[in-house]
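Colleague: Before we start, here is the structure in question, set down as structure tokens.
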Amino acid sequence: METTLWQPRLENELVLLRPLEHSDYEALYQAASDPLIWEQHPAYNRHEREEFDSFFGESIACGKSFVIIDRKTNKIIGSTRYYDYDPEDSSIKIGFTFLDRAHWGGSFNFANKQLLVEYAFRYVDKIIFEIAEVNIRSQKGNTRLGLEEAGHFMKDIKGKQYPYITYLLTPEMWANAKRMRA
């Protein structure tokens, strides 16, 4: 039940989010193969086939991953996922999101997150984002969501420790962020 709960098909005028499938591998790799996408991420070489294989395998295994599809072109432009659902804490995390560079700087990141956030708030009271301290682009891209910095921690990625920032989003913060965008 938990996996299917967190694997809906979501769409708006810009993007379609649908569950990641094994058959999406090549199209998603094409979207991820630009080194500039990963330059501010601790896994900076995720554009390389071997690193991408690991990322894709983890994405499939988590059972809560999506491909992001541009509704106008019907092309896979990135991926995202829910993870660490905690029913007792009434929380879930959203992350591992990337978009190809052609979709940076516009409304696609917000459109994607809007779908994920509004769906998640049907079931939880808190959404958590974890972003590497060096990933300024993701931090800036997510500021429009109304996130509040909640703490710092060290995250283990393939045996190395990296500083991360935890951000919190509540329904009230989300409502305020939407009002500010209107």
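The values are calculated or read from the model by the stated rules, or taken from the named source; none is laboratory data. Everything numeric here is computed off the predicted structure, so don't read it as measured data. Cβ coordinates were reconstructed from backbone atoms using ideal geometry, including for glycine residues, and neighbour counts include every protein chain displayed.
Colleague: Quick one: which of TYR119, TYR123, TYR44, TYR85 is in a loop (DSSP other than H, G, I, E, B) and either farther than 22 Å from LEU169 by Cβ or under 15 Å from the mean Cα position of the chain (by Cα) (or both)?
Modeller: Among TYR119, TYR123, TYR44, TYR85, only TYR44 is in a loop (DSSP other than H, G, I, E, B) and either farther than 22 Å from LEU169 by Cβ or under 15 Å from the mean Cα position of the chain (by Cα) (or both).
Colleague: Could you check how many residues of the range 129-145 are buried (at least 21 other Cβ atoms within 10 Å of the Cβ) and more than 19 Å from GLN40 (Cα to Cα)?
Modeller: So the count comes out to 1.
Colleague: While we're here: Looking at VAL124 and the list (1) closer than 29 Å to THR73 by Cβ; (2) free of Cβ contacts under 8 Å to residues at least 40 places away in the same chain, which single condition is not satisfied?
Modeller: (1) is the only condition that VAL124 fails.
Colleague: Out of curiosity, is ASP34 surrounded by 15 or more Cβ atoms within 10 Å (Cβ to Cβ), touching a residue at least 24 places away in the same chain (Cβ under 8 Å) and not aliphatic (A, V, I, L, M)?
Modeller: Taking the combined requirement at face value, the residue does not satisfy it.
Colleague: If you don't mind, another one. Out of (1) of a type outside the set (A, V, I, L, M, F, W, C); (2) outside any loop (DSSP other than H, G, I, E, B); (3) at pLDDT below 95, the odd one out for GLY105 is which?
Modeller: Failing condition for GLY105: (2).
Colleague: Here is a list: ASP89, ASP100. Which entry is surrounded by 14 or more Cβ atoms within 10 Å (Cβ to Cβ), among the acidic types (Asp, Glu) and in contact with an Asp or Glu (Cβ under 9 Å, 6 or more places away or on another chain)?
Modeller: ASP100
Every residue, every condition in (1) among the small types (Gly, Ala, Ser); (2) over 23 Å from HIS22 (Cβ atoms); (3) out of contact with any Lys or Arg (no Cβ under 6 Å at 6 or more places or on another chain), yes or no:
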{"site": "ILE68", "(1), (2), (3)": "no, no, yes"}
{"site": "THR80", "(1), (2), (3)": "no, no, yes"}
{"site": "GLY95", "(1), (2), (3)": "yes, no, yes"}
{"site": "GLY105", "(1), (2), (3)": "yes, yes, yes"}
{"site": "GLU118", "(1), (2), (3)": "no, yes, yes"}
{"site": "SER138", "(1), (2), (3)": "yes, yes, yes"}
{"site": "PRO171", "(1), (2), (3)": "no, yes, yes"}
{"site": "ASN176", "(1), (2), (3)": "no, yes, yes"}
{"site": "ALA182", "(1), (2), (3)": "yes, yes, yes"}
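Colleague: Quick check: is even one residue across the range 155-174 surrounded by fewer than 18 Cβ atoms within 10 Å (Cβ to Cβ), β-branched (Val, Ile, Thr), in a loop (DSSP other than H, G, I, E, B) and touching a residue at least 12 places away in the same chain (Cβ under 8 Å)?
Modeller: Yes: the range 155-174 contains one or more residues that are surrounded by fewer than 18 Cβ atoms within 10 Å (Cβ to Cβ), β-branched (Val, Ile, Thr), in a loop (DSSP other than H, G, I, E, B) and touching a residue at least 12 places away in the same chain (Cβ under 8 Å).
Colleague: Name the pairs: first residue in the range 50-63 and assigned to a helix (DSSP H, G or I), second residue of a type in the set (S, T, N, Q), Cβ to Cβ under 6 Å, at least 6 apart or on different chains?
Modeller: Within 6 Å, the pairs are GLU51/ASN45; SER59/SER65.
Colleague: In addition: Just wondering, is there one or more residues in the range 146-153 that are assigned to a loop (DSSP other than H, G, I, E, B), touching a strand residue (DSSP E or B) at 6+ places or on another chain (Cβ under 9 Å) and closer than 20 Å to ARG81 by Cβ?
Modeller: yes
Colleague: If I ask for residues that are charged (D, E, K, R) and under 23 Å from PHE108 (Cβ atoms), which ones from the range 126-182 would you list?
Modeller: GLU130, ARG137, LYS140, ARG144, LYS178, ARG179, ARG181
Colleague: Here's a follow-up. Do we have SER23 as surrounded by fewer than 16 Cβ atoms within 10 Å (Cβ to Cβ), modelled with pLDDT of 95 or more and over 15 Å from the mean Cα position of the chain (by Cα) here?
Modeller: Against the criterion (surrounded by fewer than 16 Cβ atoms within 10 Å (Cβ to Cβ), modelled with pLDDT of 95 or more and over 15 Å from the mean Cα position of the chain (by Cα)), SER23 qualifies.
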